[in-house]
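Worksheet: one structure, shown below.
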Amino acid sequence: MRVFVTGATGNIGSNVVKELIAAGHQVLGLCRSTDKAAALAATGAEVYHGSIEDLDSLKVGAAQADGVIHLAFNHDFSRFVANCEDDRRVIKALGAALAGSDRPLIVTSGTPIANTVPGQPAKEDNATVGSDTHPRAISEEAAAAVAANGVNVSMVRLPQVHDPVTQGLITPAIKMYREKGVCAYIGDGLNRWPAAHVLDVARLYRLAIEKAEPNAKYHAVAEEGVPMREIAEAIGQRLKLPVRSIAPDEAQTIFGWLAMFAGHDMPASSAQTRQKLGWEPAGPGLITDLEQLRVADA
């Protein structure tokens with residue numbers, strides 16, 4: 001299979017590219033940076049110069065492939081809602097290129113979209129919140145719209161995807177901890193964040209596009225929920241910073257834009273995903289990777 005991958009040079013995308021190639025697939029990888037093009041080409045992928053801002057170039061790239069994995073997303077959270085709306089346009093463009101065929105499109109979202117039963121792990125078949133509640137739901141709305149037009153769309157929802165260098169939303173939290181000189185958690189810190197190692201996540205994307213099941217929902221979750229207190233303690237020990245509880249009204253001071261997530265309980269299950277795809281995570285856990293955190297990169 002020839003797969004067009006957006007976000008091919010990102011932490012998750014670069015591992016997805018390697019996973020696909022190792023399994024015998026061909027990859028056309030979207031790349032906007034000439035500095036990263038050589039590294040992408042070195043993996044055996046064909047470099048496709050373009051960006052998610054150029055919708056016409058995305059259509060051309062998708063038209064050249066047997067399937068598409070869409071991973072690219074602008075992570076500037078100062079304009080989060082606008083970035084989510086941009087993702088709606090990207091998904092619409094990719095869908096337009098695949099319309100009238102059975103070629104699969106894998107769209108990326110987040111597990112919190114399905115956290116609709118308080119205190120219970122998000123499940124793949126849960127009802128989901130709308131974009132009026134969580135802007136990232138825009139990606140799911142866009143996927144549903146192109147599916148209604150006959151495109152073979154499935155969804156991969158991500159938790160905190162980690163290795164010793166990058167850990168999803170925890171990475172900007174680490175930066176904030178270093179700036180404030182303290183590793184904070186809110187209240188008792190028992191709110192949970194799901195997690196998975198990046199290599200396990202890459203394998204799930206490969207299995208999902210090979211399966212090509214229309215309207216499937218997958219959760220790339222290895223650990224259903226790691227308490228925020230344990231996350232803060234692991235980071236504090238590694239960076240030699242104090243760890244303390246803060247009141248909810250202090251969250252904005254410590255976490256800034258991340259305050260909207262820092263106190264939320266967001267456990268997620270992947271039981272249905274494992275059954276459908278035969279996916280069994282094998283990588284190290286989140287705390288293990290935080291204990292190996294590269295201090296110079298934190």
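Could you tell me which residue of segment 178-203 is nearest to the chain's Cα centre (by Cα), considering only residues that are touching a residue at least 40 places away in the same chain (Cβ under 8 Å), surrounded by fewer than 23 Cβ atoms within 10 Å (Cβ to Cβ) and closer than 15 Å to Lys240 by Cα?
Arg178
Of these, Ile209, Ile170, Ile186, which one is over 30 Å from Leu105 (Cβ atoms) and of a type in the set (A, V, I, L, M)?
Ile186
Residues are listed down the side, and each one gets a yes or a no for (1) of a type in the set (Ser, Thr, Tyr); (2) over 30 Å from Met260 (Cβ atoms); (3) exposed (fewer than 15 other Cβ atoms within 10 Å of the Cβ); (4) touching a Lys or Arg at 6+ places or on another chain (Cβ under 6 Å):
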position: Leu20; (1), (2), (3), (4): no, yes, no, yes
position: Gly24; (1), (2), (3), (4): no, yes, yes, no
position: Val27; (1), (2), (3), (4): no, yes, no, no
position: Asp35; (1), (2), (3), (4): no, yes, yes, no
position: Ala38; (1), (2), (3), (4): no, yes, yes, no
position: Lys59; (1), (2), (3), (4): no, yes, no, no
position: Gly67; (1), (2), (3), (4): no, yes, no, yes
position: Ala72; (1), (2), (3), (4): no, no, no, no
position: Asp76; (1), (2), (3), (4): no, no, yes, no
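I'm trying to understand the selection: among the residues of segment 144-163, which are touching a Gly at 6+ places or on another chain (Cβ under 8 Å) and closer than 16 Å to Glu124 by Cα?
Hits for segment 144-163 are Val153, Arg157, Leu158, Pro159.
Which numbered condition trips up Arg206, out of (1) touching an Asp or Glu at 6+ places or on another chain (Cβ under 6 Å); (2) in a strand (DSSP E or B); (3) basic (Lys, Arg)?
With (1) touching an Asp or Glu at 6+ places or on another chain (Cβ under 6 Å); (2) in a strand (DSSP E or B); (3) basic (Lys, Arg) applied to Arg206, the lone miss is (2).
Which count do you get for residues in segment 237-251 that are in contact (Cβ under 8 Å) with a residue 24 or more places away in the chain and among the basic types (Lys, Arg)?
2
Can you tell me how many residues in segment 107-136 are small (Gly, Ala, Ser), assigned to a loop (DSSP other than H, G, I, E, B) and within 25 Å of Arg79 (Cβ to Cβ)?
Selection size over segment 107-136: 2.
Report the residue count in segment 7-51 for those that are more than 20 Å from Gln64 (Cα to Cα) and not in a helix (DSSP H, G or I).
Result for segment 7-51: 2.
What are the residues in segment 280-298 that are farther than 14 Å from Ile174 by Cβ and surrounded by 20 or more Cβ atoms within 10 Å (Cβ to Cβ), if any?
Pro281
Being modelled with pLDDT under 95, under 26 Å from His134 (Cα atoms) and surrounded by fewer than 17 Cβ atoms within 10 Å (Cβ to Cβ), is that true of even one residue in segment 265-276?
no
Taking the criterion of being buried (at least 20 other Cβ atoms within 10 Å of the Cβ) and farther than 20 Å from Gly110 by Cβ, would at least one residue in segment 239-249 satisfy it?
No, every residue in segment 239-249 fails to be buried (at least 20 other Cβ atoms within 10 Å of the Cβ) and farther than 20 Å from Gly110 by Cβ.
For segment 224-245, name all the residues that are assigned to a strand (DSSP E or B) and touching a helix residue (DSSP H, G or I) at 6+ places or on another chain (Cβ under 6 Å).
Val226, Val243
Taking Gly119, is it touching a residue at least 40 places away in the same chain (Cβ under 8 Å), surrounded by fewer than 18 Cβ atoms within 10 Å (Cβ to Cβ), small (Gly, Ala, Ser) and not assigned by TED's automatic domain parsing to the domain that holds Leu239?
yes
Would you call Ala208 among the small types (Gly, Ala, Ser) and assigned by TED's automatic domain parsing to the domain that holds Val182?
The answer is no for Ala208.
The values are calculated or read from the model by the stated rules, or taken from the named source; none is laboratory data. This is a predicted model, so every value here is computed, not measured. Backbone-built Cβ (ideal geometry, glycine too); neighbour counts: all protein chains shown.
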